[in-house]
Amino acid sequence: MAELSKYGVEAMTIQADGVIHPYYAVGFDNKEVDGAGEAILGIAMGDATNYADDEYISVVFHGIYDAMAGDTIAAGDPISTNSDGTFVKATALSATVPSGAIPVTSTSATPAMTIAGAYTPAVVVGYAINGASSGSLFSLRLI
C-alpha cells in the first residue's frame, strides 16, 4: 500500500480480473464495476491506456482522485457507480405511498410506511469536488 502525498490518497496493488480502464470503478472482485450503484474497492489509477487481464494495477481507495464521469456531475453531488464502471450522481432515495380508488375512512386502516436501513441500495462512494460532463474527468472524494 502506497501513500501518494501529491494527491493525498492511499492506494493498493491488485491483480486485475479482466480489462480495467483507468479512472473507472474497481469492485471488490478486482474487476471493473459492471453494475449501477455497487460498492467499490476504489478507482483504477491513470497509469495506462487500459489495464490487461492479470496485470498488477494500483487502485486508489482513500482520498481525492480523478474519476471518469458517466453523466453530467456538479460540485457537491453524491456519487455512485454506473453500469459501465464510470461514476454518476447518486439517485436520492424516494418513496411513494400508493393511492387507490377506494377511499380509506378509518385511520386504523391506513398502512404505516417504514423505511429502514443504514444505507440505500445504490451505494454512495463519495462526493464530487468539481463538476464534469459525461466522458470527462472530475475530482472525487472517496468515502
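Computed from the coordinates by the stated procedures, all read-outs in this text should not be read as laboratory data. Quantities reported herein were computed from a predicted structural model and do not represent experimental measurements. Methodologically, a virtual Cβ is constructed for each residue, glycine included, from the backbone with ideal geometry; neighbour enumeration extends over all protein chains shown.
Numbers for the structure displayed
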{"item": "Charge sum, other residues only, whose C-beta stays under 14 Å from Pro78's C-beta, Lys/Arg counted +1 and Asp/Glu -1", "result": "0"}
{"item": "Charge context of Phe87, other residues only, Cβ under 13 angstrom, K/R +1, D/E -1", "result": "-4"}
